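Structure first, then comments.
The values are calculated or read from the model by the stated rules, or taken from the named source; none is laboratory data. Worth saying up front: this structure is predicted, and the values here are computed from it rather than measured. Neighbour counts run over all protein chains shown; Cβ positions are idealised from the backbone, glycine included.
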């Protein structure tokens with residue numbers, strides 16, 4: 001069925017819309033499972049006394065927060081290995097779209113299965129698979145940007161995808177919260193039943209909105225050098241890292257991205273802790289602020305589409321990082337719940353811009369036909385370096401005893417990333433591919 005549909009001729013608008021739909025679909029997972037619902041649902045599955053982890057001669061007792069951190073770290077680590085092993089092979093065979101479909105299928109099905117278990121171990125296992133599907137699918141989704149639009153449209157298309165992702169993630173999160181709080185409206189027996197049902201909704205939504213891209217998008221293969229799965233893929237990872245020397249602008253940008261993205265991810269992931277420790281806020285305020293970011297992010301990111309035509313991608317990204325610096329300093333001085341709401345509104349202005357323009361700028365700096373390979377490194381720099389932000393945040397908190405100094409420490413990531421970004425020159429002509437021997 002899919003094969004027969006793929007033979008149809010689709011318009012440029014239909015193809016680009018289907019690429020945007022991928023963001024519409026997976027944003028539901030990002031808001032409901034990663035950010036809002038599952039992290040608060042997991043502790044209810046765990047024994048009150050906590051869990052003892054026994055690894056032979058190592059044994060320690062851990063809490064829900066630590067287990068959540070271990071699960072996220074494990075899933076990201078496995079995703080990095082898989083995307084790096086598969087990236088070059090997918091470019092060579094022209095299998096980016098297929099890998100997008102495979103990772104999405106595994107991720108969405110694991111999310112649906114979350115709705116059918118009340119056991120914490122099974123739930124964590126399904127989450128790890130789901131997050132691998134989410135993170136892995138994004139590698140190949142990003143890599144398809146160059147296949148669906150000419151380079152003159154990358155900024156606008158990337159911003160549109162993020163904008164629609166905002167509204168989709170917000171709508172599904174709002175629906176899921178209603179299912180949890182007003183579970184009887186949906187014929188559900190309890191809030192826990194509403195929570196599990198919300199995971200099923202997310203998985204189905206994710207698959208439905210990704211399907212059009214698997215039918216409509218056509219991609220090209222890179223036949224310049226043959227890449228196989230297996231041990232040769234391990235060698236190809238090292239070759240990819242070595243080849244970055246031949247693309248200095250891409251290398252500088254990757255380092256810059258790793259730094260400021262670390263600051264962004266740490267700010268978002270630590271938002272709830274900041275609100276509770278510094279301001280003593282309740283869960284309603286924290287989740288409400290997340291919804292505010294989603295719904296404000298849609299029109300504000302759309303507004304940036306027009307601005308980027310005037311300023312250019314690099315200048316607008318630089319401006320967004322300056323605003324992030326202001327957000328960090330403002331966050332360190334927050335005193336009331338109103339301050340937290342204002343902070344959320346400010347984040348909504350720049351979060352989508354930072355994500356979308358980073359993706360489109362990097363696409364300009366890498367050779368054509370090797371998008372999956374280099375977007376695997378893009379994911380590597382973003383995820384691997386993301387351990388530094390939380391580490392610095394925690395160390396500063398322990399040394400000073402004041403979370404406000406921890407917040408201020410994040411300014412260094414944005415400042416260094418902003419400085420390095422100024423050394424990136426975006427040539428209108430994409431670099432030629434340099435093939436190194438295995």
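Remark: pairs (first residue in the range 312-341, closer than 15 Å to residue 352 by Cα; second residue surrounded by fewer than 16 Cβ atoms within 10 Å (Cβ to Cβ) and at pLDDT below 90; Cβ separation under 8 Å; 6+ apart in sequence or on different chains) = 313/426; 314/426; 316/307; 319/311.
Evaluate the following for residue 118: is it more than 17 Å from the chain's Cα centre (by Cα), in a loop (DSSP other than H, G, I, E, B) and surrounded by fewer than 21 Cβ atoms within 10 Å (Cβ to Cβ)?
Details: more than 17 Å from the chain's Cα centre (by Cα): yes; in a loop (DSSP other than H, G, I, E, B): yes; surrounded by fewer than 21 Cβ atoms within 10 Å (Cβ to Cβ): yes.
For residue 118, the condition - more than 17 Å from the chain's Cα centre (by Cα), in a loop (DSSP other than H, G, I, E, B) and surrounded by fewer than 21 Cβ atoms within 10 Å (Cβ to Cβ) - is met.
Could you check the range 98-108 and list, in sequence order, the residues that are crowded, with 18+ Cβ neighbours inside 10 Å and closer than 17 Å to residue 208 by Cβ?
Filtering the range 98-108 down to residues crowded, with 18+ Cβ neighbours inside 10 Å leaves 99-101, 103-104, 107-108.
Within the range 98-108, 100, 101, 103, 104, 107, 108 qualify.
The single condition among (1) without any contact (Cβ under 8 Å) to a residue 60 or more places away in the chain; (2) under 23 Å from the mean Cα position of the chain (by Cα) that residue 209 does not meet is (1). Of all positions in the range 217-237, at least one carries a residue that is over 29 Å from residue 324 (Cβ atoms), modelled with pLDDT of 85 or more and in contact with a helix residue (DSSP H, G or I) (Cβ under 6 Å, 6 or more places away or on another chain).
Every condition in (1) exposed (fewer than 14 other Cβ atoms within 10 Å of the Cβ); (2) modelled with pLDDT of 90 or more; (3) in a helix (DSSP H, G or I) holds for residue 201 except the one numbered (1).
Of the residues making up the range 294-316, none is surrounded by 24 or more Cβ atoms within 10 Å (Cβ to Cβ), modelled with pLDDT of 85 or more, closer than 30 Å to residue 247 by Cβ and touching a helix residue (DSSP H, G or I) at 6+ places or on another chain (Cβ under 6 Å).
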